[in-house]
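Trainee: Please see the structure below; I have some questions.
The values are calculated or read from the model by the stated rules, or taken from the named source; none is laboratory data. Not measured: the values here are computed from a predicted model. FYI the Cβ positions are ideal-geometry reconstructions off the backbone, even for glycines, and counts take in every protein chain you see.
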Amino acid sequence: MLENSLTLDAKSIHKLSTNGLAREHLVRQLGDDFSQQLEIWRAQGLSIIKEFGHYYFESKYTKLKDATFCIVDIETNGSKVDKHQIIEIAAIKVKNAEIIDSFESLVFTKDINLHIQEITGISVEDTKDAPSLKEVLHKFKEFLKDDIFVAHDVKFDYKFISASLEQIGLERLLNRPLCSLDLAQRTIVSYRYALSYLNDTFHFNKEATHHRAMSDVMTTFGLFKMSMAKLDEDIIFVEDLIEFSKHAPRLKRPKFDPLLAKSTHTC
């Protein structure tokens, strides 16, 4: 995601989250006006700061307790952004395990096939008075700012929103992404990690309506809180968390589905 959007090589991007980049390294890749490029990236959701003579992602020095995480979910009328569009988007801002703000909107569309209607419960009629995709995405971008972008299987939501922003004339997202699925695999023992299965197991959202954006956001919020509560004390900064979510060993899954066993026992 990020690697495909920044005009830096992969090694340099990695250093921004770890040991930092010297000024001359940025000048070599971006030119003498690199400070202007940093401002452009900030507008796209990525803040880079100078500490101890080197440049870093701001999240390298942002403590978890001070960070704002934006948990996002979208519903679409298909999986290909060049042919389909977002029909619903929801997000909440989370700081210190508390919700501090929220965003939710249906999006006007002329086409939702029967299969998508059955999955989401959203019909074309439901969206007839909804704002346009352009209007919704402008407002969502203002809401998101430079928060950490969190979603369950984050690549889909992040890439779909980012490409949709380009379609309406805005720049792609550069916010630091965090996958709640990856994080759960390293903090919570479960037979499966689909959001609906995790909710059936741990009851994060007792009124969940799967495949509705805000409902899935609230379920992810419950999962995110559980994962964060299980972190080791040495994970202090946001980049520590992102690194952990990508590279820490996954927990061993049970051999048998406990929900299936429970259902069989009940019967």
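Trainee: I'd like the full set of residues that are in a loop (DSSP other than H, G, I, E, B) and more than 20 Å from the chain's Cα centre (by Cα), limited to region 230-258.
Mentor: So in region 230-258, the residues in a loop (DSSP other than H, G, I, E, B) come out as 230-236, 248-257.
Answer for region 230-258, where residues must be in a loop (DSSP other than H, G, I, E, B) and more than 20 Å from the chain's Cα centre (by Cα): Asp232, Glu233, Asp234, Pro249, Leu251, Lys252, Arg253, Pro254, Lys255, Phe256, Asp257.
Trainee: Any idea which of (1) among the acidic types (Asp, Glu); (2) farther than 28 Å from Arg42 by Cβ; (3) in contact (Cβ under 8 Å) with a residue 60 or more places away in the chain is the one Glu243 doesn't satisfy?
Mentor: (2)
Trainee: To continue, here is another question. Please go through region 64-95 and pick out each residue that is in a helix (DSSP H, G or I), out of contact with any helix residue (DSSP H, G or I) (no Cβ under 8 Å at 6 or more places or on another chain) and either under 22 Å from Leu181 (Cα atoms) or in contact (Cβ under 8 Å) with a residue 40 or more places away in the chain (or both).
Mentor: The answer is Lys65, and nothing else.
Trainee: Moving on. Take the residues in region 3-17 that are part of a loop (DSSP other than H, G, I, E, B) and closer than 17 Å to Asn175 by Cα; name whichever of them is modelled with the highest pLDDT. Working first, answer last.
Mentor: First, pick out the residues of region 3-17 that are part of a loop (DSSP other than H, G, I, E, B): 3-9, 17.
Still in the running and closer than 17 Å to Asn175 by Cα: 3-8, 17.
Details: Glu3: 52, Asn4: 52, Ser5: 65, Leu6: 81, Thr7: 79, Leu8: 87, Ser17: 96.
Of everything passing the filter in region 3-17, Ser17 is modelled with the highest pLDDT.
Trainee: List the pairs whose first member sits in region 26-38 and is free of Cβ contacts under 8 Å to residues at least 60 places away in the same chain, whose second member is among the basic types (Lys, Arg), and whose Cβ atoms are under 9 Å apart, counting only residues at least 6 apart or on separate chains?
Mentor: Qualifying pairs under 9 Å: Phe34/Arg23.
Trainee: For the structure I just gave you, tell me whether Ile188 is part of a loop (DSSP other than H, G, I, E, B), surrounded by 15 or more Cβ atoms within 10 Å (Cβ to Cβ), touching a residue at least 60 places away in the same chain (Cβ under 8 Å) and not assigned by TED's automatic domain parsing to the domain that holds Ala43.
Mentor: Taking the combined requirement at face value, the residue satisfies it.
Trainee: Still on this structure, please answer the following. For region 18-33, indicate whether the set of residues that are under 22 Å from the mean Cα position of the chain (by Cα), of a type in the set (Lys, Arg) and either over 19 Å from Ala151 (Cα atoms) or not assigned by TED's automatic domain parsing to the domain that holds Phe103 (or both) is non-empty.
Mentor: no
Trainee: Next up: Given the condition in contact (Cβ under 8 Å) with a residue 40 or more places away in the chain, in contact with a strand residue (DSSP E or B) (Cβ under 7 Å, 6 or more places away or on another chain) and within 17 Å of Val217 (Cβ to Cβ), answer yes or no: does some residue in region 124-132 qualify? If you could, list the steps in order and put the result at the bottom.
Mentor: We begin by selecting, within region 124-132, every residue in contact (Cβ under 8 Å) with a residue 40 or more places away in the chain; these are 127.
Going one step further and asking which of them are in contact with a strand residue (DSSP E or B) (Cβ under 7 Å, 6 or more places away or on another chain), we end up with 127.
Add one more test, that the residue is within 17 Å of Val217 (Cβ to Cβ), and what stays is none.
For region 124-132, residues in contact (Cβ under 8 Å) with a residue 40 or more places away in the chain, in contact with a strand residue (DSSP E or B) (Cβ under 7 Å, 6 or more places away or on another chain) and within 17 Å of Val217 (Cβ to Cβ): absent.
Trainee: Do we have Gln167 as touching a Lys or Arg at 6+ places or on another chain (Cβ under 7 Å), of a type outside the set (Gly, Ala, Ser) and either assigned by TED's automatic domain parsing to the domain that holds His84 or farther than 21 Å from Ser79 by Cβ (or both) here?
Mentor: Values: touching a Lys or Arg at 6+ places or on another chain (Cβ under 7 Å): no; of a type outside the set (Gly, Ala, Ser): yes; either assigned by TED's automatic domain parsing to the domain that holds His84 or farther than 21 Å from Ser79 by Cβ (or both): yes.
No.
Trainee: Residue check: is Asp147 over 22 Å from Ser196 (Cα atoms), buried (at least 21 other Cβ atoms within 10 Å of the Cβ) and assigned by TED's automatic domain parsing to the domain that holds Leu195? If you could, list the steps in order and put the result at the bottom.
Mentor: Values: over 22 Å from Ser196 (Cα atoms): yes; buried (at least 21 other Cβ atoms within 10 Å of the Cβ): yes; assigned by TED's automatic domain parsing to the domain that holds Leu195: yes.
It is true that Asp147 is over 22 Å from Ser196 (Cα atoms), buried (at least 21 other Cβ atoms within 10 Å of the Cβ) and assigned by TED's automatic domain parsing to the domain that holds Leu195.
Trainee: In region 98-149, which helices (runs of 4 or more DSSP H) lie fully inside it and hold 1 or more residues that are under 17 Å from the mean Cα position of the chain (by Cα) and on the phi < 0 side of the Ramachandran plot? Reasoning before the result, please.
Mentor: Values: elements: 114-120, 124-127, 133-144.
Filter on region 98-149 gives 133-144.
Trainee: Pairs needed: first member in region 195-212, assigned to a loop (DSSP other than H, G, I, E, B); second member anywhere, aromatic (Phe, Trp, Tyr); C-beta distance under 9 Å; at least 6 residues apart or different chains.
Mentor: Here the result reads Phe204/Phe221; Asn205/Phe221, each pair linking region 195-212 to a residue that is aromatic (Phe, Trp, Tyr).
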